[in-house]
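Here's the structure, in structure tokens; my notes come after.
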Amino acid sequence: MRPALLLLLALAPGCTRPLDEPVTPATESKEAQPPAAPASASTTTELDPRFVPLLAAAFRDYKAWGRIDDELRWAPWLCRMPQPGRTRMSAAEDGGHARKLYSVFAKDQHPYPIIHTAAPVPQPVGQIVVKESYLPELMDKPIPQGELAALQEMPATADHFNPYVRVGDRVYRASRLAGAYVVLKVAPETPGTDAGWVYGTVTPEGEVTSAGRVASCMGCHVSARHERVFGLAPSQNGDN
């Protein structure tokens, strides 16, 4: 089996808890104050050059894999209208992922835990998951339903993405890519990894700014239910 990598945006502690309170006033601007961006190469020492090419290649290729919750890429199988991929907001209240908007892509979508099961779902060597992070923009108008309806008419090969999320009585839009928080899986016996898992960050321009045993990522992902993978949190959009 070829060397494998698993990319996943690292969720901060508490990010899997339900979002049950409105966004704090600090984010209530036309374009909310962005969450902490991936650390630059000048501010991190957790940059193992062995893994940089793998992270860079995955960041280059992941768009073609599709968002894990984009139902419009598949033949109808649900007893409702298929939905596009949706923006989600992290429920983390502090740290690098606080109130961050995100969307997830996966190379091998079958083992990625979209529906939470009683037993943990193992993630195979060779899986790649990329979690995009966006700058949140506070909207001063309702979600444009015509824009969302147009997604239904796009070809199955397109990127169907609903960039809006409703939090209480506020609506936010994923305005610009802020970067990607990643975790990479290689063979478990690989030296310098977390039992085969390597963490890192990538800028919107594709620069790998951290890669390796990144302590802030490891501290959260060691408690993930599906090996080092949390799975997809419920959308706050309801039926929007």
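Observations on the model:
- Note on ALA119 and GLU189: the extension gain reaches 22.7 nm, defined as 0.36 nm multiplied by sequence separation minus the Cα-Cα distance.
- Solvent-accessible surface ranking, highest first, for MET139, MET89, MET81 at 1.4 angstrom: MET81, MET139, MET89
- Stretch gain in nm, segment ASP48-ARG213, where the contour uses 0.36 nm per residue and the Cα spacing is subtracted: 58.6 nm
The values are calculated or read from the model by the stated rules, or taken from the named source; none is laboratory data. This one's a predicted model, so the numbers in the text were calculated from it and none came from an experiment. Just the protein is used for accessible areas: all its heavy atoms, side chains included, with ligands, DNA and RNA removed. Shrake-Rupley method; radii C 1.70, N 1.55, O 1.52, S 1.80 Å.
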